[in-house]
Amino acid sequence: MPASIKYLEERTVGPSLGADSIREGVRASIGSIIVVMIFLVIYYRLSGVNAVVALALNLLILLAFMAYAGAVLTLPGIAGVILTIGMGVDSNVLVFERIREELRSGKAPASAVAVGFDRAFLTIIDTHVTTIVSAVFLFLFGTGPVRGFAVTLVIGLLSNVFTSIYVSRAIFDWHLSRMDRQAGLSI
């Protein structure tokens, strides 16, 4: 069935509009990161600082890899970074809430941390693998910007698994080795 096209409006967009959009996207991303980090510290206290360190390292790894690969940060790439931050916060919240459950059941802080990470591990892996598979399909069947989003997301998720599971756990273990055995965990 042939259909005719009737142009109602035509616009030309210059490169300055794209630069403005990217600048505003970066500004919004930085603002949201700051708000999320403040919330984590307020809600989870000292453990929130642990989450902030893990998120900051996650972003550092992601941006370092992108710089090494010579990637350009576009609006879809910024969206991938923002989704990576969201997944990183989600991973930390899963772990922290599991630790809280264990502490409420009367476990010692070291045991609660170990069990909390063990119980959250499979959920974190499951969510990340599912999202990575989706990103692979976006990369295979998408074009230009969609592929950039997919690449940014995969790199961010892989670094997030490392930071939320291993780095965050190492910080908890270091903190537990320095604190008094009778003291409670700040979570």
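Every read-out reported here was derived from the displayed coordinates using simple, explicitly stated rules and does not represent laboratory data. A quick note: this is a predicted structure, and the numbers were derived from the prediction, not measured. Methodologically, a virtual Cβ is constructed for each residue, glycine included, from the backbone with ideal geometry; neighbour enumeration extends over all protein chains shown.
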In degrees, nearest ten, helix 109-141 long axis to first principal axis of the chain (Cα): 10 degrees
Which of (i) 20.1, 63; (ii) 15.5, 51; (iii) 20.5, 78 gives Rg and Dmax of the Cα atoms in Å as computed here? It is (iii)
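Test of understanding: ordering Phe141, Phe149, Phe39 by Cβ neighbours within 10 Å, fewest first, what list do you get? List each step's numbers first, then the result.
Details: Phe141 10, Phe149 23, Phe39 13.
Ascending Cβ contact count within 10 Å gives the list Phe141, Phe39, Phe149.
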Taking each pair of different alpha-carbon atoms in region 86-146 once, compute 1/r for the pair, average those values, and report the inverse of that mean as the Kirkwood hydrodynamic radius in Å to one decimal. 13.1 Å
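Compute the signed sum of charges (Lys and Arg +1, Asp and Glu -1) over the other residues within less than 11 Å, Cβ to Cβ, of Tyr44.
+1
Hey, can you rank 153-163, 96-106 by average C-beta count inside 10 Å, highest first?
So the order, starting with the most tightly packed, is 153-163, 96-106.
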Helix 168-178: angle to the longest alpha-carbon principal axis of the chain, degrees 0 to 90, nearest 10? 20 degrees
Could you grab the relative contact order for the chain? Cα pairs under 8 Å, six or more apart, rounded to a whole percent. 30 percent
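Exposure proxy check: Lys107, Lys6 ranked by fewest other beta carbons within 10 Å?
Values: Lys107 16, Lys6 5.
By the 10 Å Cβ count, ascending: Lys6, Lys107.
Quick check on the chain: helices-only [θ] at 222 nm, where DSSP H runs of length 4 and up contribute -39,500 (n - 2.57) each and the sum goes over total residues. Nearest 500, please. Walk me through the numbers on the way to the answer.
Numbers: 5 runs with 147 residues, N = 187.
Mean residue ellipticity at 222 nm (helix-derived): -28500 deg cm²/dmol.
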